[in-house]
Amino acid sequence: MKKMILFVAEQRDGVLSKVAFELAGISSVLKGEEYETAALLMCEKAGNMPAELIAYGADKVIVIENKIYSQYITAPYASGTEQIVKKYSPEVLLIGATSIGRDFAPRVSARLATGLTADCTKLEMMEDGLHMTRPAFGGNLFATIVCPNHRPQMATVRPGVMKKNQPDPQRKGEIITENLNLDQGKVKVVKEAKFQKKNDNIEDAAMLVSVGRGVGTYLAKAKELANALGATLSSSRAMVDAGFTSPDRQVGQTGKTVRPQVYIALGISGAVQHLAGMEESDYIIAVNRDKTAPIFDVADLGIVGDVKQVIPQLLDKLSKRSE
């Protein structure tokens, strides 16, 4: 009988989150010949979501349908996950490091008396178990953590880091329905208010213009370039720390991991913490006046020059092309 890698397939309003497909992808990479992958889907109505998870790589989908899962409340999520783990005894439990995952994963870990490695950016299955790598000391070091004495080995995984599989609608898998007596907890949602957010999440952007310390007060021109290209603005940590950009725009180990089709790095030297958040981009263009900057090691196209001179030239070229 094969051992199990279980991952929580996060959904919101009946729609699977992107990280659910990413966890299906990394689970299928980790499983080898010894393991099978299973998705845990906690929802009000499953609909087509189990079929989607199988298409993206899950061998099994364990479904808990309950009205309480129409909204996120910590206790029922922790209770459902705990009961499934105790019944199926997976070797590994993976949860997305989203606002939901970061909330209930520690509670599950405490209930199961096992360790939890948070915000992982790399997972490897070795002879002694799962090796979980995460940034440490403010992103200045990478720590690889193992959990040799307790099961399951638990990790939350940073969204945007792991690759999704190409979906195969013909793929077959097993769907299991579980009816559980869930811990309702003491929290009750009295009212839910939803706000329309501006759709410029850097994790979803096809093209990013990313600004670093070298841009500095020349940020307005960089924004103009992003607008001219139809791109989304992102930044390095230095620009966030200096107050030029907001934390939700930060790319890197202590920010977000992105995989756009095109990543344009302006005045970014390319510290290892930043590279870890963007080096999987399809095409990287770097502009920096230091020809030895590490960013050029990962760039597909490098321009050695001052961004304050290069950006106006790019804007001029774009203006002429539009004309």
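The values are calculated or read from the model by the stated rules, or taken from the named source; none is laboratory data. These numbers come from a predicted model, not from an experiment. Note: ideal-geometry Cβ built from the backbone for every residue, glycine included; neighbour counts use all protein chains shown.
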Pick from region 34-77, criterion β-branched (Val, Ile, Thr) and in contact (Cβ under 8 Å) with a residue 60 or more places away in the chain, ranking: nearest to Asn179 (Cα to Cα): Ile64
Residues located in region 28-65, provided they are of a type in the set (Asp, Glu) and farther than 10 Å from Ile175 by Cα: Glu33, Glu34, Glu36, Glu44, Glu52, Glu65
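Provide a single number: the residues in region 248-262 that are assigned to a strand (DSSP E or B), at pLDDT 90 or above and within 20 Å of Thr121 (Cα to Cα). Working first, answer last.
Here is the first cut: in region 248-262, the ones assigned to a strand (DSSP E or B) are 250-251, 256, 262.
Imposing the further condition that a residue be at pLDDT 90 or above reduces the set to 250-251, 262.
Going one step further and asking which of them are within 20 Å of Thr121 (Cα to Cα), we end up with 250-251.
The qualifying residues number 2.
Name the one entry in Ala206, Ala228, Ala222, Ala242 that is crowded, with 18+ Cβ neighbours inside 10 Å and either without any contact (Cβ under 8 Å) to a residue 60 or more places away in the chain or over 22 Å from Arg158 (Cα atoms) (or both).
Details: Ala206 fails: crowded, with 18+ Cβ neighbours inside 10 Å; Ala228 fails: crowded, with 18+ Cβ neighbours inside 10 Å; Ala242 fails: crowded, with 18+ Cβ neighbours inside 10 Å.
On inspection, the qualifying residue turns out to be Ala222.
Residue by residue, here is whether (1) in a helix (DSSP H, G or I); (2) surrounded by 18 or more Cβ atoms within 10 Å (Cβ to Cβ); (3) within 20 Å of the chain's Cα centre (by Cα) holds:
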site: Gly57; (1), (2), (3): no, yes, yes
site: Ile62; (1), (2), (3): no, yes, no
site: Tyr69; (1), (2), (3): yes, yes, no
site: Pro76; (1), (2), (3): yes, yes, no
site: Thr81; (1), (2), (3): yes, yes, no
site: Val85; (1), (2), (3): yes, yes, no
site: Leu93; (1), (2), (3): no, yes, yes
Hits in region 207-247 (condition: modelled with pLDDT of 90 or more, hydrophobic (A, V, I, L, M, F, W, C), outside any helix (DSSP H, G or I) and in contact with a helix residue (DSSP H, G or I) (Cβ under 7 Å, 6 or more places away or on another chain)): Met207, Val209, Val211, Leu233, Phe244
Some residue of region 195-203 being touching a Pro at 6+ places or on another chain (Cβ under 9 Å) and of a type outside the set (A, V, I, L, M, F, W, C): yes
All positions within region 299-321 that are touching a residue at least 40 places away in the same chain (Cβ under 8 Å) and exposed (fewer than 11 other Cβ atoms within 10 Å of the Cβ): Ser319
Test: residue in region 138-159 that is modelled with pLDDT of 90 or more, in contact with a Phe, Trp or Tyr (Cβ under 9 Å, 6 or more places away or on another chain) and farther than 30 Å from Pro106 by Cα: no
Qualifying residue in region 181-197 (condition: crowded, with 16+ Cβ neighbours inside 10 Å, part of a loop (DSSP other than H, G, I, E, B) and not assigned by TED's automatic domain parsing to the domain that holds Ile295): yes
